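Please treat every number below as a calculation from the coordinates, not as lab data. All of these numbers come straight from a predicted model, not from anything done at the bench. Positions of Cβ are backbone-derived with ideal geometry, glycine not excepted, and every protein chain shown enters the neighbour counts.
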Amino acid sequence: MRKMTAIVSAIVLTTGAALAIEWGENTENLALGATVTASSDRGTEGESPANITDGNTGTRWQAVGGANTVSPDWVMLDLGEQKSFTDIEIMWEASHMKRYDVYVSVGEIPYSADESTGYNVIDAGWLETAVPVFADCGQDTESGCTDSLTEEDGVEGRYVLVYGKEYNGWAGNYGSSIFEIRIANIEGRHEIASLTVSAAAPVAEGESATVTVGALTAGGSEAGIEEVEDLVLAADRDGLEITAGENPGEFVVTGEKSGDYTLTATGTAGGKTVSGSASFSVIYEWKKENIALGKAIAARYKAETGEEGETAADGPGYSAATDGDRDTYYEYNGQWGGGDAWVVVDLGVLCQIEEVAVAYGDNSGGSFIISFGGEDAGLPAAEDADRVWRTYELDGWTDSGAIARNSNLVTPFEAPAGTMARYVCVHDNDNPNGKPRVAEIYVAGKEYTAPEATEVRVSASVNGLVSGETVTFEATVLDQYGAKMDVDPQEIVYSIDGASAEKEWTAGPKGVYTLGASYDGLESETVELVVAAEGYEWFYPQVYTVRFGDEEIENPTVVGATDAVVRHEWTDDDIAARKALEIDLGGECTLDMITFSWEAACPKSYTVIIEDESGNSSEVAMRLDRGVEGSVTDRLYSHPGAGADRAPVQTAATLGKVRKITVIPEESNNSNGYTNKLFGISLYGSPAEGMITNVVGLVGNDRDETADVYSVSGMLLRRNVSLREALDGLGSGIYVVGGRKIVK
C-alpha cells in the first residue's frame, strides 16, 4: 500500500520547517550523510546538494534558477549500499516542485552533463523504462511544505531519485530548493504507536465539550481506538471534570475553573504504553456586579487626533474599557515586548475590593500588573506625549505582581483580604505580541464603611491536654472585612462548658470540654478541648517490641533526656528511604492521646499510622513548626480540633483501640548534617487487660533468677540482677522487675 501525506507550513525562502516522521529511539535516518548528485548547483555557499542529507533543517540545496526551461530539476541520493525502507520525507523550501516522481533503484542511475548548459541530465532511455515508486507527488502551494511518502510494504534500493515534472511560481524563477530528505524503515509500521487528542474550542466555566481520542500507527495511519486498552484522558491539573462519552474514544470535558490546560490520553496497545496530548481552555466569565462599569478612566497614552485614548480606527476612547461591551477596547500604544502602558479606573469612593478581572482582545499575550490606590493615591503628572507610571515614586499604591494573560480571555485576580482602593490600575508588564487591547475591566467590591466587630474566634494554645495541665486561651475579633480588630482584651469573656473561665485554665479530669468566647454581645463558635487520662507508662521491653525498618531494636527504653517509651534517631538517608519506627504494644490498648517529643533537629513533617488488633489502620499527617527553637512536642489526641504544643497547625485523629504505632518522617529540616532525634513517645489512656500484674513483694520460688529492674516510668535502673538483690539499696516506691510491678 502506498500513501503520501502533505504537511504544509508557510515559510520564507530561507527558513526551515518541522519534518513529519515521528522518529523513535530505534528509527534511523538512512539518508543521513548520503552522497547527493543534483541537476544543477548554484555554487553559492550554504546551498550545495550535500545540505539535504546533513541532518540540519536549517541548510538547503538550491537549483540554478530557470534550469527547468532546459531540463528538469532533480536530486539523486546514493545510500552507499542497498537498503530496505518504508518512508521518504522531503522538506521543501517555498521554491519547490509542484509535481515530481520518486524512483528507487538497486543499480546506479545513469546521467550525463549537458555540454550546452552545464546541467546534469538523467539518461532518457532509463527514464522510459523505469517505474517510479511514487508518481505525481507534490503540492500546489507557494509556501514551504513537507511531503511524507510511504510504501507500507517496503522497498529496496541504493539510489533514490527525486525527479521534477512541474514547478510552482517560485521554482519557475529561482529553481527548486530542498532543506532535507530523510529516509526511514519504521519498525512496527502497522502497530499503534501514538494517540491523538482532538482540539476543542474554549468553553466557559460550567460548560462542556466533547474531546475525541484517536490512534495512529507508527506509519502515521489511523487505527481503531478500540484496540487501545485502559484508555484514560486526564488534565495536567485540577479544574476540569472528565467523564467517558457514549462512543469509544469520546470524553466529555467540563470546565470548572478558568485557565489553560493540557489534556493527555494514555493507554496500552501491543503491550506498550501510548499517549497523545492537546490543549484545552476554559474561559472565565464575570458573574458578579461590576462596580467599575461606566466609571471614569485615565490612561497613559493620548491619540494623535486629540481624542482620549489610543484605539482601533473605529473604536471609542478610554471609556471602552468600562463600557460593558467586550467588542470595544482601549488599545495600549506601548512598546513591543514591554513598556509602561497603563489605564486607571476611578471608582469615585474608597471601596473594599474583592476581585478584579480584565478581558483582553487580540494580540494580548504576556503579563500585566494590577495596582490599588487609596483616596490620596498620586497619579502621574500629565505630559505632552505621555505619562510614565514610575510605580516606586507614586504614594499610596500597592500592586499584585505579574499576572499572566491570554488573548481573548478574561483573566481574574482575587484581591488580598482587606484591600481598600478608590483607584484600580491595569498596568502593562510584558506584551510580546504587540499592543495589548483592554476590552473590559471588572471590579467586585462594595463601598467601604467604618469597621465594626462581626465575628469572634477562639482557640487554645493546646487542644490535647493532660489533667492538671495549664492552657492559655486566645480570642480574635474580626470586622466585616475579615480584618483583625484591636480591642481591649479585658472585654473578652471566656467560658468552659458555658461557665465563665479565666484566660489561663487548669485542665480538669479526663473528658471533652467546650471552650467559648464572647465580645460585645457576639458569641464565638465553641472549640473542643480534649483532656486525656494521666499517662500510663507501663510498656516495658518484656511487653512491647520496637522495629526500625527491617530490624528489631533491643532494649528500646533508653536512659536519657526523658523517661518516655522510645527514643530514636533518623539520618537524612533514613528519611529519604522512608524508614519507619514501629511500636507493637503487645496488646490492644485504649488511648486518649499520644505525644511525640522531638529535639530541635527534627523533620518538617511526618506520618503517624495507628493500627488496631484487627489490622485496621488510619494515617495522620503531622507537621512541625520550623519557627520553633529547641525541642517540640506534638500531640495526637482522640477528638477533632487543632492544636499542638508550640506547633499551631496539627491534625487530630480518633485513637481509641491501638495495638501498633508507626512513625515515618517525610522531610528533614536540617541542612547541617544533624540527625533527626525523637526523644520519646508518651501514651495516655488505659493498658490492655492483663498487660501488667500488680504484685506486692517478690514472687517465685527461684530467688536467684535474674532480671532487669526499671522504674515505673520505664527508666532502666539495673540490668541482669538476681531477684534476691533486685531492690537492694532502692528507696520505697513502685518498680518493675522481670515484667512484674513491685511495690517496696
Of all GluC sites (Glu not before Pro) in the range 413-503, the ones in DSSP coil with at most 15 other Cβ atoms within 10 Å are 452, 469, 502
Residue 27 and residue 470 label points (each 7 Å along its Cα→Cβ direction) are spaced in nm at 7.6
In nm, the gap between the two label points placed 7 Å beyond Cα toward Cβ at residue 483 and residue 614 is 5.5
Sorted by chain and number, the residues with a modelled amide H under 5 Å from that of residue 341, at a separation of 5 or more or across chains, are 335, 428
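Please work out the FRET efficiency for the pair residue 453 and residue 45, using the Cβ-Cβ distance as r and a Förster radius of 51 Å; give the result to the nearest 0.05.
It comes out at approximately 0.05.
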So, with points 7 Å from each Cα along the Cβ direction, the residue 227-residue 525 label distance in nm works out to 5.7
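Within the set 604/660; 446/484; 257/446; 510/677; 295/435, which residue pairs have Cα atoms separated by over 27 Å?
The pairs that break the limit, which is 27 Å between Cα atoms, are 510/677.
Give me 96, 190 ranked fewest to most by other Cβ atoms within 10 Å of their Cβ, as a rough exposure proxy.
Fewest-to-most Cβ neighbours within 10 Å comes out as 190, 96.
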Sequence order, the range 462-471: Karplus ³J(HN,Hα) from phi using 6.51 cos²θ - 1.76 cosθ + 1.60, θ = phi - 60°, Hz rounded, Gly and Pro as x, gives 9, 9, x, 10, 10, 3, x, 7, 9, 10
With 0.36 nm assigned to each residue of separation and the Cα-Cα distance removed, residue 257 to residue 113 gains 45.1 nm
Subtracting the Cα-Cα distance of residue 275 and residue 126 from 0.36 nm times their residue separation yields 49.0 nm
Per the rule of 0.36 nm per residue minus the C-alpha distance, extending residue 199 to residue 153 adds in nm 13.3 nm
Any lysines whose Cα falls less than 22 Å from that of residue 98, other than same-chain ones fewer than 8 residues away, would be 3, 165
Listed by chain and number, the residues whose amide H is under 5 Å from that of residue 735, excluding neighbours fewer than 5 places away on the same chain and using placed H, are 742, 743, 744
Computed from the beta carbon distance with a Förster radius of 51 Å, FRET efficiency for residue 238 and residue 81 to the nearest 0.05 stands at 0.40
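Based on the Cβ-Cβ distance of residue 136 and residue 56, what FRET efficiency does E = 1/(1 + (r/R0)^6) give at R0 = 30 Å, to the nearest 0.05?
The value I calculate is 0.55.
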